[in-house]
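Colleague: My questions will all concern the structure given below.
The values are calculated or read from the model by the stated rules, or taken from the named source; none is laboratory data. Please read all numbers here as calculations on a predicted model, not as lab measurements. As a convention, Cβ positions derive from the backbone with ideal geometry for all residues, glycine included, and neighbour counts pool all protein chains shown. Ligands, DNA and RNA are stripped out before the accessible areas are found, and what is left, the full protein with its side chains, is counted by its heavy atoms. Shrake-Rupley method; radii C 1.70, N 1.55, O 1.52, S 1.80 Å.
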Amino acid sequence: MSWNWNNYGLPFLPGYSFRDVTKSAFHCPQTLSYKNGYALPRRPTVGIGQEPLLSEMLIQQQLSQLTCEMPDITHDSCDKSPSEDFIPAHVALDKKVLRFYAYFEEDILFSPEEVNRVRPVIIYYYLEDDSMCIIEPMVENSGIPQGKRIKRQRLPKNERGEHYQWKDLNLGMDMEVYGVKYHITDCDAFTKEFMESEGIVLNDPEPMPVDSYSERRKKPQPCYTTPSEFDHLHQFLTMDRKVLRFFALWDDTDSLYGETKPVTIQYYLVDDTVEVREVYGPNSGRDPFPVLMRRQRLPKKIKSENFPTCVLEVSKDEVDEYYSPKDFQLGQTITLLGRRFLLHDCDAFTKEYFQRNHPDMDLKPIEVPKKVDMFQGRKKEIPPYNGFGSLEDSLQNCLSLIPEPPKKNLLKILENDHKVLRYSATLDSQNPQDEGRRFILSYFLSNDMISIFEKPTRNSGIIGGKFLEKTRVPKPNSTLENPEFYSPADFAIGAVVEVFSHRFILTDADQYVLTYLESISSQIPSQTLDSLRQKLSVETNNQPRNQKVQSEITPSS
């Protein structure tokens, strides 16, 4: 029999517990048993004088509590509070960023001009995942690699592994990140509104300190060196891409086949060089080389009058004076490298330059005689039609060197495709052999062309078939310059149609002709419609005759 010293009220503490010296079995009872290949829980049996396991006691206690407890929630109750939709943080705070303005000071070593430098930065705090990034704005000509200083990440706050939260940020505080101390001075309007809505009182914004070295760079240091006679660097910086443009006439009448040619004289203020370009008109027949004189400095006075200019080039030592803007006066003739140029006008920038720098000079343009164009006012004459091809095709040979096909009305072709007006006609001829010849005149609405087909007549001695290909037929009184072609308005019953010196008299028409012309009755004369109605109404009353006429109009295959 084992003794349990806890029954005597002793606490289970070291020194109060005793080992049962009479216990001989120290095995752990099995709680799983296998049945049909499955592991099933089995409650260990409690021997005589043994207490139940603690786990068994807990299970029985939980079962008793579940049986004794009454449900507090009634599922049949109608007073259900509406459940609010759960919105995760990455959705509610998406694209919401806090922006703080800060700066940090960088110590400058081994520089006599500055001790430290103030570098402003922008701190972005992303509310969706509490990450931050620090970006330094780019400053032109700073010589410092700027841009993204710290990429987007969670910034450590201390050595315990904590990270910066939006609750830790405020104006006027120092934030140390990776050994650099950033001082926050200001924030934007959204950040201020968000902080106040969360109950955080922001401090007063502080002004951004001014970098002394950057301010000193804006003000040029006084130069105590003796200036040279002329500052070419200042001329380059102030006069770059500024050009005086004069319009002149080059008098080249002294040479063989010479004439007066228009030129443009350009004076570059950046280095006092002059360039002369010819002005070519359309179809002038000259080679496309407009540069008459390349860009160079032109000497005005030379020390030695007998200088061999044909052999050697003029250097700076031989030149006393070069051409300047004062030497270009409108209305005067200027000599450049032995050529005479009459200045008659200039552009707007040149006038503004002289009014600002040389107000005493009068830049009044002068009138120059215009060159008479021998082809001006002459009307282009179209040669007469040679009879080959259509009029439109022949006209294209006169309009361009490589003729293009005449343009077609595609909308008209698509709307009137397979629409044909058919008429029955006879040949008006003085030859008695032409009596009894029957023709079918077809008018194609898609391209306004006419084709004529002759019905074969038995024992007539004339072979029937195609009399005229599809072509546009002009009226007899039209001219080649403005041809007038036949239209459906001209085809009345009994009318005479002259087709290339052949006269045809229209005797009958198809029923579709009257239906189509009545749909566009506003464009068709009333006489044409009346003749068709009168003719087709008689045929309607006489049905056998109508069938005969229809058979004559329809061409045999």
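Colleague: For segment 403-432, give me the residue count where each residue is free of Cβ contacts under 8 Å to residues at least 24 places away in the same chain, closer than 29 Å to Thr457 by Cβ and among the polar types (S, T, N, Q).
Modeller: 2
Colleague: Can you tell me which of Glu435, Glu367 is over 43 Å from the mean Cα position of the chain (by Cα) and closer than 30 Å to Asp345 by Cα?
Modeller: Numbers: Glu435 fails: closer than 30 Å to Asp345 by Cα.
Within the list Glu435, Glu367, the selection yields Glu367.
Colleague: Filter segment 280-296 down to the residues that are open to solvent by less than 90 Å² (accessible area, probe 1.4 Å) and farther than 17 Å from Thr335 by Cβ, then identify the one that is modelled with the highest pLDDT. Write out each step before concluding.
Modeller: To start, the set of residues in segment 280-296 that are open to solvent by less than 90 Å² (accessible area, probe 1.4 Å) comprises 280-281, 284-285, 290-293, 296.
Now narrow it down to the ones that are farther than 17 Å from Thr335 by Cβ: 280-281, 284-285, 290-291.
Numbers: Tyr280: 87, Gly281: 81, Ser284: 79, Gly285: 80, Pro290: 87, Val291: 92.
Taking the candidates together, the pick is Val291.
Colleague: For segment 434-469, which positions are touching a residue at least 12 places away in the same chain (Cβ under 8 Å), polar (S, T, N, Q) and open to solvent by 30 Å² or more (accessible area, probe 1.4 Å)?
Modeller: Correct list: Asn447, Thr457, Ser460.
Colleague: Within segment 384-393, identify whether any single residue is at pLDDT 75 or above and among the acidic types (Asp, Glu), and answer yes or no.
Modeller: Among the residues of segment 384-393, at least one is at pLDDT 75 or above and among the acidic types (Asp, Glu), which makes the answer yes.
Colleague: How many of the residues in segment 32-46 are open to solvent by less than 100 Å² (accessible area, probe 1.4 Å) and either modelled with pLDDT of 75 or more or in contact with a Phe, Trp or Tyr (Cβ under 6 Å, 6 or more places away or on another chain) (or both)?
Modeller: Number satisfying all stated conditions: 5.
Colleague: Let me ask another. Answer yes if at least one residue in segment 351-360 is at pLDDT below 85, over 20 Å from Gly258 (Cβ atoms), over 40 Å from the mean Cα position of the chain (by Cα) and not polar (S, T, N, Q), and no otherwise.
Modeller: Step one: list which residues in segment 351-360 are at pLDDT below 85, which gives none.
No, segment 351-360 has no match at all.
Colleague: Sort through Thr426, Thr457 and tell me the only one that's in a loop (DSSP other than H, G, I, E, B) and assigned by the TED database to the domain that holds Phe500. Don't jump to the end; show me each part of the working.
Modeller: On the way: Thr426 fails: in a loop (DSSP other than H, G, I, E, B).
Only one candidate passes the filter, namely Thr457.
Colleague: So the check is Cβ under 6 Å with 6+ separation or different chains; which pairs have a first residue in segment 241-265 that's surrounded by 15 or more Cβ atoms within 10 Å (Cβ to Cβ) and a second one that's among the basic types (Lys, Arg) and not in a loop (DSSP other than H, G, I, E, B)?
Modeller: Trp250/Lys261; Asp251/Arg340; Thr264/Arg277
So that you can scan it fast, the table gives a plain yes or no per residue for (1) modelled with pLDDT of 90 or more; (2) under 28 Å from Tyr385 (Cβ atoms):
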residue: Glu415; (1), (2): yes, no
residue: Tyr423; (1), (2): yes, yes
residue: Ser429; (1), (2): no, yes
residue: Ser446; (1), (2): yes, yes
residue: Gly464; (1), (2): no, no
residue: Phe467; (1), (2): yes, yes
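Colleague: Let me ask something additional. I'd like the full set of residues that are open to solvent by less than 70 Å² (accessible area, probe 1.4 Å) and either among the aromatic types (Phe, Trp, Tyr) or outside any helix (DSSP H, G or I) (or both), limited to segment 350-365.
Modeller: Of everything in segment 350-365, those that are open to solvent by less than 70 Å² (accessible area, probe 1.4 Å) and either among the aromatic types (Phe, Trp, Tyr) or outside any helix (DSSP H, G or I) (or both) turn out to be Tyr353, Phe354, His358, Met361, Leu363, Pro365.
Colleague: Please verify whether segment 409-421 includes one or more residues that are open to solvent by less than 50 Å² (accessible area, probe 1.4 Å) and not in a loop (DSSP other than H, G, I, E, B).
Modeller: Filtering segment 409-421 down to residues open to solvent by less than 50 Å² (accessible area, probe 1.4 Å) leaves 416, 420-421.
Within this subset, residues satisfying the condition of being not in a loop (DSSP other than H, G, I, E, B) are 420-421.
Within segment 409-421, one or more residues are open to solvent by less than 50 Å² (accessible area, probe 1.4 Å) and not in a loop (DSSP other than H, G, I, E, B).
Colleague: Could you check segment 115-169 for strands (runs of 3 or more DSSP E) lying wholly inside it with 2 or more residues that are open to solvent by 20 Å² or more (accessible area, probe 1.4 Å)?
Modeller: Numbers: elements: 116-126, 131-136, 147-153.
By residue number, 116-126, 147-153.
Colleague: If I filter segment 201-221 for residues that are in contact with a helix residue (DSSP H, G or I) (Cβ under 6 Å, 6 or more places away or on another chain) and either under 28 Å from Lys364 (Cα atoms) or in a loop (DSSP other than H, G, I, E, B) (or both), do I get at least one hit? First the steps, then the outcome.
Modeller: First, the residues of segment 201-221 that are in contact with a helix residue (DSSP H, G or I) (Cβ under 6 Å, 6 or more places away or on another chain): 202.
Filter once more, so that each one left must be either under 28 Å from Lys364 (Cα atoms) or in a loop (DSSP other than H, G, I, E, B) (or both): 202.
Looking through segment 201-221, at least one residue is in contact with a helix residue (DSSP H, G or I) (Cβ under 6 Å, 6 or more places away or on another chain) and either under 28 Å from Lys364 (Cα atoms) or in a loop (DSSP other than H, G, I, E, B) (or both).
Colleague: Further question on the same structure: Suppose the filter is farther than 13 Å from Ile452 by Cβ, open to solvent by less than 60 Å² (accessible area, probe 1.4 Å) and assigned to a helix (DSSP H, G or I); does Tyr516 pass it?
Modeller: Numbers: farther than 13 Å from Ile452 by Cβ: yes; open to solvent by less than 60 Å² (accessible area, probe 1.4 Å): yes; assigned to a helix (DSSP H, G or I): yes.
Criteria met by Tyr516.
Colleague: Can you name the number of the only condition in (1) at pLDDT below 90; (2) open to solvent by less than 40 Å² (accessible area, probe 1.4 Å) that Leu480 fails?
Modeller: Tallying (1) at pLDDT below 90; (2) open to solvent by less than 40 Å² (accessible area, probe 1.4 Å), Leu480 fails exactly one: (2).
Colleague: Based on what the data block shows, is Thr238 under 29 Å from Cys346 (Cβ atoms) and either open to solvent by less than 70 Å² (accessible area, probe 1.4 Å) or not assigned by the TED database to the domain that holds Thr350 (or both)?
Modeller: On the way: under 29 Å from Cys346 (Cβ atoms): yes; either open to solvent by less than 70 Å² (accessible area, probe 1.4 Å) or not assigned by the TED database to the domain that holds Thr350 (or both): yes.
So Thr238 passes the test.
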